[in-house]
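The values are calculated or read from the model by the stated rules, or taken from the named source; none is laboratory data. Quick caveat: nothing in here was measured; it's all calculated off a predicted structure. Backbone-built Cβ (ideal geometry, glycine too); neighbour counts: all protein chains shown. The accessibility values were calculated without ligands, DNA or RNA, using every heavy atom of the protein model including side chains. Shrake-Rupley method; radii C 1.70, N 1.55, O 1.52, S 1.80 Å.
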Amino acid sequence: MTSSERGQTMTQAGTAGTADTAEPGKGGAGPRNTGSGSGTWRTRLRRAIRTASRPEPWKRGPVLAALTLLLGLLLLLHGQIPNRIGGLGSLVESLLPWFGLFVPVLLAAALWRRSATAVVALLLPVVGWLSLFGGLLIDKSHSGGDLTVVSHNVGADNPDPAGTARDLAASGAQLLALEEIAPEAEGAYEKELAKTYPHHTVQGTVGLWSKLPLSDTEPVDIKQDVGPLGDTKPAEVKMAYNRALRTTVTTDQGPLAVYVAHLGSVRVVPRTGFWTDTRDRNAQALAEAVAAEQNERVVLLGDLNGTMDDRAFTGITSQLRSVQDVAGDGFGFSWPAKFPMARIDQILVKGVEPASSWTLPATGSDHLPVAAGISW
């Protein structure tokens, strides 16, 4: 064999050896490939740890971190915000759930700035928001309930009171409370609801329709008129725009005290801020009326023009439980009907067990009806 032939033979043998080594399952190439996936995530993890351990990410975004901490403190300490400054405390508490929208915005900003400090600071508002509203993210309602109740601010400017009445009657509720009944629409509600609800009472602008007998019905003075001017008005004038009532419903399980109320409106006024004077006065008077109630079982239905997070309702919430908080699914926002942003229409109870809570479809009003099932 010549030297050139020996060279070709050795070259072929080397090529074959290389091919054998590269064959899957044989030689060193196989094990290196099978470990490439785990090696990739380990590499990324090490890179992330090295990045986080550097001082630069912790120095970035101090202003962003400060804003994040302020949001957390606002959620946790909202009760300490003074109301003396234009009703700021009540305004913040009315919008409290919506402050959670700042969390993803701040997270995106922290990631964009690569600020480890801002990311860690986000724990405070997240914990604060979940402590306040985390329970509302869980469906706590359950089937059953001995009594279904509905409350609806039907709206003084409702263009179709008869249609609204028919929609509410179709809900199947045993008790139906209406607020803001315009004098010219009262007849339409009475006509449409008469067949379904044989018992009813209207006191001023609020009313209750019932499938069960009513007794001991009377208006409730929530101090709508105060001062010398209010004192001069005769009773029949005040009664025309009375906004609260109390009655006893006869049930198979005994008497049930039912209150229907429509508290004063609130407004954002440029010069004075969040104006709640009338509403707050009404809320205090209503709390006093409930405190004087002799019946152990109480249901309060109505448009309270405020959320139950608002400190103005402490006198009421210390005595009664919100069915939405106890047995609702979600926030149960009821106003405005086209894009609900707050639950200002409430169903509160004492001495009975909330079983479920929900909102009904929109009517001709700017509020959504709210409904609840309660058990003995």
task = Starting from the Cα of Arg84, step 7 Å toward the Cβ, then list every residue of the range 257-294 with an amide N under 19 Å from that point.
result = 272-277
inquiry  = At R0 = 41 Å, how high is the FRET efficiency between Thr201 and Leu76 if r is their beta carbon distance? Nearest 0.05 is fine.
reply    = 0.40
inquiry  = Against the empirical 2.2 N^0.38 Å scaling, what ratio does the C-alpha Rg of the range 88-131 come to?
reply    = 1.29
key: Whole-number accessible area per residue in Å² for the range 250-376, which is evaluated in the context of all protein chains at 1.4 Å   = 40 Å²
message = Can I get the semi-axes of the range 266-336's equivalent ellipsoid? Compute them from the C-alpha gyration tensor as square roots of 5 times the eigenvalues, in angstrom, largest first.
response = 23, 18, 9
ask   = How far, in nm, would the chain grow between Thr314 and Met239 when pulled straight, counting 0.36 nm per residue and subtracting the alpha carbon separation?
value = 24.3 nm
task = Give the peptides 59-65, 261-267 in descending order of average Cβ contacts within 10 Å, highest first.
result = 261-267, 59-65
task = Using a 1.4 Å probe and counting only protein heavy atoms, arrange Ser215, Ser151 so the residue with the most accessible area comes first.
result = Ser215, Ser151
ask   = Based on the Cα gyration tensor of the range 245-376, what are the three equivalent ellipsoid semi-axes, each the root of five times an eigenvalue, rounded to whole Å and given largest first?
value = 25, 19, 12
remark   = Share of accessible surface on carbon and sulfur in the range 134-217, whole %, 1.4 Å probe and ligands ignored, is 49 percent
Cα-based convex hull volume of the range 298-376 per residue, rounded to whole Å³ = 83 Å³
task = Could you work out the per residue convex hull volume over the alpha carbons of the range 110-218, in cubic angstrom?
result = 201 Å³
task = Once you have all Cα-Cα distances for the range 187-299, histogram them in 10 Å bins from zero and send the whole-percent values.
result = 13, 37, 32, 15, 3, 0
ask   = How much of Leu123 can a 1.4 Å solvent probe reach, expressed as accessible area in Å² and rounded to 10?
value = 110 Å²
query = In whole angstrom, how far apart do the alpha carbon centroids of the range 340-376 and the range 128-197 sit?
reply = 7 Å
